[in-house]
1. To the nearest 10 degrees, how steeply does helix B:53-62 sit against the main Cα axis of chain B, on a 0 to 90 scale?
2. Just want to confirm a number: the relative contact order over chain B, from Cα pairs under 8 angstrom separated by 6+ residues, in percent.
3. Counting other Cβ atoms within 10 Å, which GluC sites (Glu not before Pro) in segment A:8-68 have at most 14 and lie in a DSSP loop?
4. With a cut-off of 18 Å, note down the residues of segment A:20-45 whose backbone N falls inside the zone around a label point 7 Å from the Cα of A:Asn74 toward its beta carbon.
5. Summing +1 for each Lys or Arg and -1 for each Asp or Glu, what net charge is found among the other residues whose Cβ lies under 13 Å from the Cβ of A:Val22?
6. Helix A:17-28 versus the longest principal axis of chain A: what angle, 0 to 90°, nearest 10, using Cα atoms?
7. List every residue whose amide H lies under 5 Å from the amide H of A:Lys11, counting only residues 5 or more places away in sequence or on a different chain, with H placed 1.01 Å from N in the peptide plane.
8. Find the chain A residue whose Cβ sits closest to the rotation axis that carries A onto B, and give that distance in whole Å.
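Quick note: the coordinates plus some simple rules give every number you see, no bench work behind them. Bear in mind the structure is a predicted one, so any value in this text is a computation, not a measurement. Cβ atoms come from the backbone with ideal geometry, glycine included; neighbour counts cover every protein chain shown.
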Number of protein chains: 2
Amino acid sequence: MPRVVVDVMPKPEILDPQGKAVLGALPRLGFGGVTDVRQGKRFELEVAGEVTPEVLAEVEKMAETLLSNPVIENYTVRVEQDA
Amino acid sequence: MPRVVVDVMPKPEILDPQGKAVLGALPRLGFGGVTDVRQGKRFELEVAGEVTPEVLAEVEKMAETLLSNPVIENYTVRVEQDA
């Protein structure tokens with residue numbers, strides 16, 4: 001079944017304390033080579049029936065009104081084939 | 001610059017109260033057609049230099065020890081080209 005994925009990430013100019021906490025923890029755990037970490041959210045939506053352009057437009061509206069805060073977050077909507 | 005993305009999602013057999021809250025809110029906001037929602041996390045890691053198989057193996061270890069709880073979550077690691 002196809003699945004619609006909405007990724008919500010903090011905008012680049014917005015501080016991301018969760019990402020910074022992960023970035024700070026990596027060296028303490030012995031991991032090197034990572035210069036930045038951003039943490040966001042991933043939503044997987046199962047839709048009834050076909051994923052039409054109308055369905056995607058509806059999901060865009062969901063992403064803008066419910067899944068993200070457009071003041072501080074960007075979102076992307078895409079279709080992912082289930083494995 | 002290439003970016004390594006780690007997606008962390010609750011395992012299918014694990015209850016996902018955040019996803020259920022979103023699913024319950026959609027009809028109240030006038031959205032239909034969505035039969036299930038799962039909410040997880042997305043991490044974007046910037047790495048210094050090339051993304052080699054060794055770097056990806058290191059990120060797999062980060063995902064297992066720091067970014068996810070392997071008891072209740074699954075993770076996927078992949079490389080995404082920056083737009």
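1. 50 degrees
2. Result for chain B is 54 percent.
3. Here the sparse-neighbourhood loop sites are A:Glu13, A:Glu50.
4. A:20, A:36-43
5. So the environment of A:Val22 carries a net charge of +1.
6. 50 degrees
7. A:Glu73, A:Asn74
8. A:Arg42, 2
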